[in-house]
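Data first, discussion second: the structure below is written as structure tokens.
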Amino acid sequence: MLARRLAPPATVTTEILLAVRSVLGETQAQIPLHEPEFAGNEWAFVKDCLDTGWVSSVGAYVDRLERDLAAYTGISHAVVTANGTAALHICLLVAGVEPGDEVLVPALTFVATANAVSYAGAIPHFVDSESRTLGVDADRLEDHLASTARVEGERCVNRSTGATIRALVVMHAFGHPCDLDALSALAERWKLVLIEDAAESLGSLHRGVHTGNVGAVSALSFNGNKVLTTGGGGAVLTNDAGLARRAKHLSTTARVHDRWNFVHDEVGYNYRMPNLNAALGCAQLEQLPDMLVRKRALAARYAEAFRPIVSADFLAEPEGSTSNYWLNTIVLAPGEAAAQEHVLEGLNAAGYMSRPVWTLMHRLPMYAACPRADLTVAEDMATRVINVPSSPRLVNRAGS
């Protein structure tokens, strides 16, 4: 078969721009990548906080949001926090990560994943992703561990550094669940604690089970650009009652209950979510099912628009999974990486806010010297991935 002749960047840009325009219609103003939507009880619940004076880190909405999140995700315990990074930091601590340990994390992720490892005093050890999900590649990680690590009793040891490789953090990129079956089995073989960075995947299912249920602990984010927002905010999810209690304790300054004295039994963190934010989250969670329906409808229109496109593919949910399609993603065809900047310039100039994937972690100055596997796939995907507008309300203007 003859290889496809690569198109000039301008031609690729025109082709992609027309596909996006066919979904979103013409625009005179910039269409954001993902903006919050407040159409339910947000005003009423926040006003209730103001009227009653319960605006800080204790209040009925904090307790309600934890219960509602647990029920929605099918998890046993949810502990809400000030933001997603705080949630991930707590996950690492309750998972037993200690200073000097190494933690396997994808190079293709948002910087918070690696930063949380650093907060715990541990060392990020970067691993590769797969092109199908953009999540950690279990097969490539298996090969990497076989060449660099060994199992000693109940711990995994880096043969070069002598450090314990304590945990594996997997991230569900743009809401697409990674291969949790393979990664969970790998973690068990190599004596690693599996942690899910589910910051982007609220509403996503892997084989019918909500993300966050496979790892020992998992983290959600409710930043302003997420599917559900509390302004800032996050949550720790776990099915282990002991880990949940410790997560709650550490995130509330490790304060021991006393009638009036301030007693703290270890170094804790002021990671509590204020009641005001939780009120917003409770209202948002009521609307989440409808928002997900509209986000998936928008994704379906993108998929249809890009079906005939030669220069790029739409990143669809993995087989056996249901994605929230937090950020709709197109991937330039192999060999078309040179067009990425041109496409980004063209889309943004036309009013369709678009972004590449994050700078890979090993290319950031503070993480350049960290241990890493061969990152061929992540480095390739970083040159070809583009996110396009994904707010649920956009389905109403599709094709307009």
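Listed residues Ala241, Ala199; which is touching a residue at least 12 places away in the same chain (Cβ under 8 Å) and surrounded by fewer than 17 Cβ atoms within 10 Å (Cβ to Cβ)?
Being touching a residue at least 12 places away in the same chain (Cβ under 8 Å) and surrounded by fewer than 17 Cβ atoms within 10 Å (Cβ to Cβ) holds for just one of Ala241, Ala199, which is Ala241.
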Query raised in the report: So Val20 clears everything in (1) within 29 Å of Ala235 (Cα to Cα); (2) hydrophobic (A, V, I, L, M, F, W, C); (3) part of a helix (DSSP H, G or I) except one condition, right? Which one?
Result: (1)
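Conditions (1) closer than 26 Å to Asn387 by Cα; (2) assigned to a strand (DSSP E or B); (3) not hydrophobic (A, V, I, L, M, F, W, C), marked per residue:
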position: Asn213; (1), (2), (3): no, no, yes
position: Leu220; (1), (2), (3): yes, yes, no
position: Asn225; (1), (2), (3): yes, no, yes
position: Leu228; (1), (2), (3): yes, no, no
position: Val236; (1), (2), (3): no, yes, no
position: Gly242; (1), (2), (3): no, no, yes
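Given the criterion at pLDDT 95 or above and either within 30 Å of Asn275 (Cα to Cα) or under 14 Å from the mean Cα position of the chain (by Cα) (or both), identify the matching residue among Cys156, Cys178.
Answer to the selection: Cys178.
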Query raised in the report: Got at least one residue in the range 224-242 being more than 17 Å from Thr85 (Cβ to Cβ) and among the acidic types (Asp, Glu)?
Result: yes
Query raised in the report: Do you know which of the residues in the range 28-64 that are assigned to a helix (DSSP H, G or I) and of a type in the set (Gly, Ala, Ser) is surrounded by the most Cβ atoms within 10 Å (Cβ to Cβ)?
Result: Ala60
Query raised in the report: How do the pairs read when you match residues in the range 64-77 that are aliphatic (A, V, I, L, M) with residues anywhere that are surrounded by fewer than 18 Cβ atoms within 10 Å (Cβ to Cβ), using Cβ under 7 Å and keeping only pairs 6 or more apart or on different chains?
Result: Ala70/Ser76
**Report entry** Evaluation of Ala254 against (1) in contact (Cβ under 8 Å) with a residue 24 or more places away in the chain; (2) among the aliphatic types (A, V, I, L, M); (3) surrounded by fewer than 19 Cβ atoms within 10 Å (Cβ to Cβ); (4) touching a strand residue (DSSP E or B) at 6+ places or on another chain (Cβ under 9 Å) (one fails), failing number
**Finding:** (1)
Query - Residue check, Ala283 touching a Ser or Thr at 6+ places or on another chain (Cβ under 7 Å), hydrophobic (A, V, I, L, M, F, W, C) and not in a loop (DSSP other than H, G, I, E, B) - result: no
Report task. Give the range 70-110 a look and list any residue that's within 30 Å of Ser131 (Cβ to Cβ) and aromatic (Phe, Trp, Tyr), or say none. Result -> Phe110
Query raised in the report: Looking at (1) free of Cβ contacts under 8 Å to residues at least 40 places away in the same chain; (2) more than 20 Å from Phe174 (Cβ to Cβ); (3) touching a helix residue (DSSP H, G or I) at 6+ places or on another chain (Cβ under 9 Å), which is the only condition Cys370 fails?
Result: (1)
Requested in this report: Inspect the range 114-123 for any residue being in the same structural domain as Tyr271 (by TED's automatic domain parsing) and in a strand (DSSP E or B) and give the result as yes or no.
Outcome: yes
Report task. Only residues that are of a type in the set (D, E, K, R), surrounded by 15 or more Cβ atoms within 10 Å (Cβ to Cβ) and not in a strand (DSSP E or B): list them for the range 313-358, please. Result -> Glu317, Glu336
Report summary line: Of those in the range 97-112 that are aliphatic (A, V, I, L, M) and surrounded by 19 or more Cβ atoms within 10 Å (Cβ to Cβ), the residue nearest to Ala382 (Cα to Cα) is Leu108
Query raised in the report: How many residues are assigned to a strand (DSSP E or B) and not hydrophobic (A, V, I, L, M, F, W, C) when one looks only at the range 65-111?
Result: 5
Query raised in the report: When the range 347-396 is examined, which residues are found to be among the polar types (S, T, N, Q) and at pLDDT 95 or above?
Result: Asn348, Ser354, Thr359, Thr376, Thr383, Asn387, Ser390, Ser391
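The values are calculated or read from the model by the stated rules, or taken from the named source; none is laboratory data. Worth saying up front: this structure is predicted, and the values here are computed from it rather than measured. Positions of Cβ are backbone-derived with ideal geometry, glycine not excepted, and every protein chain shown enters the neighbour counts.
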